[in-house]
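Take a look at the structure below.
The values are calculated or read from the model by the stated rules, or taken from the named source; none is laboratory data. Keep in mind that this is a model prediction, so the values were computed, not measured. Note that each Cβ is placed from the backbone with ideal geometry, even for glycine, and that neighbours are counted across all protein chains shown. When the accessible area is computed, the model is the full protein with side chains, heavy atoms only, and any ligands, DNA or RNA have been set aside. Shrake-Rupley method; radii C 1.70, N 1.55, O 1.52, S 1.80 Å.
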Amino acid sequence: MISVSIPGWGDLDIEYLVIDYNGTCATDGKLKEGVKELLEKVSRYIKIFIITADSYENVDSEVNIIGFKVLKVKKEGSGIEKARIIKELGPEKVVAIGNGANDVMMLKEASLGIGVIGEEGCSKDILKEADLVVKDVTNALNIVLHPERLVATLRD
C-alpha cells in the first residue's frame, strides 16, 4: 500500500494502479523507455492493471515482455468500461493514469487521477478532470513512488 496525507485535500491509501496503455505507457503501440522499470518498482507496493482498448492490437506481445495484468476493453464505450473497473476495485483505493478522452471517467472516478501530456498530447477533458497533470508517464509513476510530492501540489 502507498499512503500519504494531504492537508486540506485528504488521506490517500492506494492499493491499485490502473494505467492506460496507448498514449500513456506506450507511443505508437510501443512501450516507452524506462516505463517497465518504473512499473516494476511500483508493483512492489501496489497491484498494477494496464488497461487498454488495444488500438494497435499488439498489447499482448508488448506487455507479455513486462509481465503485468492487462485488462482489455472494447473500443466503443471504453471510457465507461474503464470507469466500471475502477468502481469494482474500490475507487478510494485506486490511482488512475491516462491521457485520452476515454480515460477521463476513470480519472474522475479514482481517488487520485493523474493526467499525462505525452507525445500524443492529452484530451482537453483530462485537464479538467485530473487531480494532477504531468508531462510524461515517468513523472506520473515517480509521483506514485514518492507520494509526498503530492503534498506541495494538492494541499490547500
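Can you find, within region 141-156, the residue that is nearest to residue 35 (Cα to Cα) among those that are in contact (Cβ under 8 Å) with a residue 60 or more places away in the chain and either among the small types (Gly, Ala, Ser) or surrounded by 18 or more Cβ atoms within 10 Å (Cβ to Cβ) (or both)? Walk me through it before giving the result.
Within region 141-156, the first condition is being in contact (Cβ under 8 Å) with a residue 60 or more places away in the chain, and the residues that meet it are 141-142, 144-145, 147-148, 150-151, 154-156.
Then keep just the ones that are either among the small types (Gly, Ala, Ser) or surrounded by 18 or more Cβ atoms within 10 Å (Cβ to Cβ) (or both); that gives 141, 144, 147, 150.
Values: 141: 8, 144: 13, 147: 18, 150: 20 Å.
Across region 141-156, the extreme among qualifying residues is 141.
Being open to solvent by 40 Å² or more (accessible area, probe 1.4 Å), assigned to a strand (DSSP E or B) and without any contact (Cβ under 8 Å) to a residue 60 or more places away in the chain is the filter here, so list the residues in region 8-59 that pass it.
Pass one, region 8-59, residues open to solvent by 40 Å² or more (accessible area, probe 1.4 Å): 8-9, 11, 13, 15-16, 28, 30-31, 33, 36-37, 40-41, 43-45, 47, 55-57.
Cutting the leftovers down to assigned to a strand (DSSP E or B) gives us 11, 13, 16, 30-31, 47.
Answer for region 8-59, where residues must be open to solvent by 40 Å² or more (accessible area, probe 1.4 Å), assigned to a strand (DSSP E or B) and without any contact (Cβ under 8 Å) to a residue 60 or more places away in the chain: 11, 30, 31, 47.
Out of the residues in region 72-89 that are in contact (Cβ under 8 Å) with a residue 40 or more places away in the chain and surrounded by fewer than 23 Cβ atoms within 10 Å (Cβ to Cβ), state the one that is farthest from residue 15 (Cα to Cα).
If we filter region 72-89 for residues that are in contact (Cβ under 8 Å) with a residue 40 or more places away in the chain, which is where we start, we get 82, 85-86, 89.
From the residues that got through so far, the ones that are surrounded by fewer than 23 Cβ atoms within 10 Å (Cβ to Cβ) too are 85, 89.
Numbers: 85: 14, 89: 9 Å.
Ranking the candidates gives 85 first.
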